[in-house]
1. Looking at Ala555, Ala550, Ala559 in this structure, which one is more than 19 Å from Lys489 (Cα to Cα), of a type in the set (Gly, Ala, Ser) and at pLDDT 90 or above?
2. State whether the residues of segment 266-284 include one that is in a helix (DSSP H, G or I) and surrounded by fewer than 13 Cβ atoms within 10 Å (Cβ to Cβ).
3. Scan segment 502-509 and tell me whether some residue there is without any contact (Cβ under 8 Å) to a residue 40 or more places away in the chain and not aromatic (Phe, Trp, Tyr).
4. Within segment 409-428, does at least one residue satisfy the condition of being outside any loop (DSSP other than H, G, I, E, B), more than 29 Å from Ser509 (Cβ to Cβ) and modelled with pLDDT of 85 or more?
5. Please note which helices (runs of 4 or more DSSP H) are completely contained in segment 565-666 and include at least 2 residues that are outside the structural domain of Ile554 (by TED's automatic domain parsing) and loosely packed, with under 13 Cβ neighbours inside 10 Å.
6. As an exercise: evaluate Asp409 against (1) surrounded by 15 or more Cβ atoms within 10 Å (Cβ to Cβ); (2) more than 21 Å from Leu625 (Cβ to Cβ) and give the number of the one condition it does not meet.
7. Got a number for residues in segment 375-408 being hydrophobic (A, V, I, L, M, F, W, C) and assigned to a helix (DSSP H, G or I)?
8. Which pairs turn up if I take residues in segment 634-645 that are within 19 Å of Asp611 (Cα to Cα) and look for partners that are among the acidic types (Asp, Glu) with beta carbon separation below 8 Å, at least 6 apart in sequence or on another chain?
Amino acid sequence: MSIYKGLTDSEVLQNRNLYGENIITPPPQTPWWKLLLEKFNDPIIKILIVAAGIAIAVGLTNGHYLEGIGIIVAILLATVMAFINEYKASKEFELLNTVNDELPVKVIRNGGVTSIPKREVVVGDIVIIDRGDEIPSDGLLLESVSLTVNESSLTGEPSSSKTSIQPDSFETTYPPNQVLKGTTVTDGHGVYQTTAVGDNTEIGKTARAATIEVNNPTPLTKQLQRLSEYISSAAFFIAILAFVILTISDIINPVNSYSREQEYVLVIALLSVIVILAKFWVPSVNTILGWVKIPVRIPLPYPKSSKRQLIVLVVSATVIAFLGILTASLLDVDILHASALFDSNMLSTLLDYFMVSMTLIVVAVPEGLSMSVTLSLAYSMRKMMAQNNLVRKLQATETMGATTVICTDKTGTLTQNRMRVIEWDFLNNGSLDNPLPLLVKLSLAVNSTAHLDYSKKSPLVVGNPTDGALLLWLDEQGVNYELLRESFKIDVQHPFSSEKKYMLTVGYSDELGKKLLLLKGAPERVLSMCNPNTVSKHIHDKLRDYQLKALRTIAFAYAENDNVNISNSDIPQGLTLLGIVGIADPLREEVPGAIGECHKAGIDVKMVTGDNQETAIAIGKNAGLLDVHADDLSISGPDFEKLSDEEALNALPKIKVMYRARPTDK
């Protein structure tokens with residue numbers, strides 16, 4: 001490690017100015033008062049506000065304010081309740097997203113090792129990482145020894161082997177010589193050079209993409225919008241119709257002694273008002289025509305532009321009024337006479353008719369609807385939070401009920417996120433009637449770096465997940481791995497590395513009374529070190545079967561060995577094969593049934609995973625996402641990113657599995 005000098009103090013300042021600090025910029029927080037005002041954008045709330053104004057205006061004339069006050073109370077209850085629920089949820093999300101940027105990190109600077117806060121790491125820094133460390137930045141490995149990283153925060157995959165060797169090709173989501181900010185070292189140690197910090201890291205880009213709000217209206221919003229338009233159109237249509245009918249009946253009523261001029265003015269005024277208010281009554285008339293199957297519609301100018309439409313309607317009403325004035329002069333009607341315009345009885349009657357029309361509007365508005373919707377959504381939100389599901393927006397609870405496509409992760413969602421031994425083939429396969437040979441037990445228990453935590457109801461793996469799966473399997477067989485380790489005195493142990501692809505332990509077994517060399521690793525590597533006479537055709541057939549099932553295969557071998565000076569570069573030969581196992585993260589038992597129910601409900605399910613293609617397809621078939629011969633329904637994350645928008649839209653209905661997916665793909 002002395003070959004690395006690291007950055008000097010001046011280079012640190014220069015790189016910090018060039019590439020920024022190692023801090024992920026938090027998303028902008030919406031002030032509480034804006035969140036409250038957003039609640040008033042609900043279409044039903046807008047109608048209620050108009051209805052409240054009308055009710056109060058009517059109350060000023062007749063002294064009855066109770067209706068208006070009741071509507072205002074309903075508005076405040078609905079908006080404040082929705083605001084309180086979403087405000088609490090936003091605070092819980094803030095607490096969840098809190099990051100400690102003061103954790104110490106070991107770096108090499110000015111030719112020596114020093115400790116600095118995580119936030120002070122800059123591009124170019126050489127960082128030292130060890131088991132249990134959280135990687136503080138993105139970088140490329142310079143050295144690595146048995147380095148395994150948990151990348152579940154980015155890809156969903158709990159274990160990824162890393163190497164400082166630049167690969168020509170790789171099957172993982174990210175190159176094996178790249179480490180990423182926010183991931184955790186589960187085994188081994190290494191040294192890497194920082195290439196990106198803060199917002200420019202992979203997790204920073206993901207966080208920035210996740211904060212982009214797509215303000216597409218939810219299904220409930222669309223339904224309420226249509227309902228509010230129907231209610232407002234119907235209410236205004238009924239009010240206008242009532243006002244027109246009452247006015248016309250008043251004009252033709254012989255009891256009223258309106259002059260010819262007054263009747264003329266009323267007719268012209270009614271025609272002008274009807275034209276100006278066409279926006280409200282025309283949609284209602286068209287809806288009624290649709291109900292009675294009449295293929296005729298009244299067109300409105302500029303249906304997509306309210307401002308232009310209003311201008312056209314006002315100009316049309318003005319033209320009607322102007323034509324009325326011209327016609328009056330031809331008919332010798334003096335409409336400018338004061339008695340024709342300002343008769344107190346006529347104005348009082350029209351005001352009464354107007355108040356009746358406004359009352360009809362208020363009565364037509366369901367002031368309890370917004371409260372009912374808010375209460376049901378708030379209840380759903382509380383119920384989901386009780387099940388540890390945080391909901392940021394109130395209406396998201398309803399949106400989930402209108403789901404048509406579900407994109408799900410694999411690890412921990414479809415699978416148990418717990419590596420287990422699925423199949424095995426040892427000297428005699430091991431069962432209660434035919435127990436495992438002591439050599440097999442020793443090989444699984446001693447040649448391992450993992451442990452089991454028995455403090456919980458079921459044992460938990462501490463350390464390497466693959467080694468842990470072997471210990472769990474021993475535990476299921478009734479074998480105490482700790483007793484086996486105590487009876488074995490280790491002289492030499494070479495941990496697994498992605499370069500060697502095997503792990504080796506040499507020591508003395510008290511129970512067997514002899515010195516042993518125990519070895520496990522990738523089958524092709526282990527078999528090459530074994531005596532060919534100990535490897536049968538049956539083993540090769542089994543390995544092919546395991547690979548078809550996308551199982552992670554491990555082979556075990558041993559030799560009686562008195563050489564305790566075996567170095568890390570020595571390659572044992574002439575070993576005896578003990579057997580092989582197939583390990584996988586098994587599917588949750590309830591998953592196939594749940595996916596089947598989704599399909600019956602018309603919901604399409606797609607899997608997006610950071611795992612390789614073979615494993616992803618195997619899990620997809622077992623879960624019921626793919627048919628047995630549907631291998632062409634999968635695509636990798638990088639290949640999907642290369643598609644144009646049009647190509648992606650055409651391909652999406654067929655795609656069932658996306659493998660090697662990055663966080664941005666998800």
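1. So the residue among Ala555, Ala550, Ala559 that is more than 19 Å from Lys489 (Cα to Cα), of a type in the set (Gly, Ala, Ser) and at pLDDT 90 or above is Ala555.
2. Here is the first cut: in segment 266-284, the residues in a helix (DSSP H, G or I) are 266-276, 278-284.
Subset that is surrounded by fewer than 13 Cβ atoms within 10 Å (Cβ to Cβ): none.
Scanning segment 266-284 turns up no residue that is in a helix (DSSP H, G or I) and surrounded by fewer than 13 Cβ atoms within 10 Å (Cβ to Cβ).
3. As a first pass, look at segment 502-509 and keep what is without any contact (Cβ under 8 Å) to a residue 40 or more places away in the chain: 502, 508.
Next cut, not aromatic (Phe, Trp, Tyr) only: none.
Within segment 502-509, none of the residues are without any contact (Cβ under 8 Å) to a residue 40 or more places away in the chain and not aromatic (Phe, Trp, Tyr).
4. Going residue by residue through segment 409-428, those that are outside any loop (DSSP other than H, G, I, E, B) are 415, 420-425.
Of the ones still in play, those that are also more than 29 Å from Ser509 (Cβ to Cβ) are 415.
Retained after the next criterion (residues that are modelled with pLDDT of 85 or more): 415.
Yes, segment 409-428 contains a residue that is outside any loop (DSSP other than H, G, I, E, B), more than 29 Å from Ser509 (Cβ to Cβ) and modelled with pLDDT of 85 or more.
5. 591-600, 637-642, 645-651
6. Among (1) surrounded by 15 or more Cβ atoms within 10 Å (Cβ to Cβ); (2) more than 21 Å from Leu625 (Cβ to Cβ), Asp409 violates only (2).
7. Restricting attention to segment 375-408, the residues satisfying the condition of being hydrophobic (A, V, I, L, M, F, W, C) are 375, 377-378, 381, 384-386, 390-391, 394, 396, 400, 402, 405-407.
The next check asks that each one be assigned to a helix (DSSP H, G or I); those that pass are 375, 377-378, 381, 384-386, 396, 400.
The qualifying residues number 9.
8. That search, which allows pairs on different chains as well, returns Gly637/Asp665; Phe640/Asp665; Glu641/Asp665.
The values are calculated or read from the model by the stated rules, or taken from the named source; none is laboratory data. As the structure is a computational prediction, the values presented were derived from the model and not from experiment. Glycine gets a Cβ as well: all are built from the backbone with ideal geometry, and neighbour counts include every protein chain shown.
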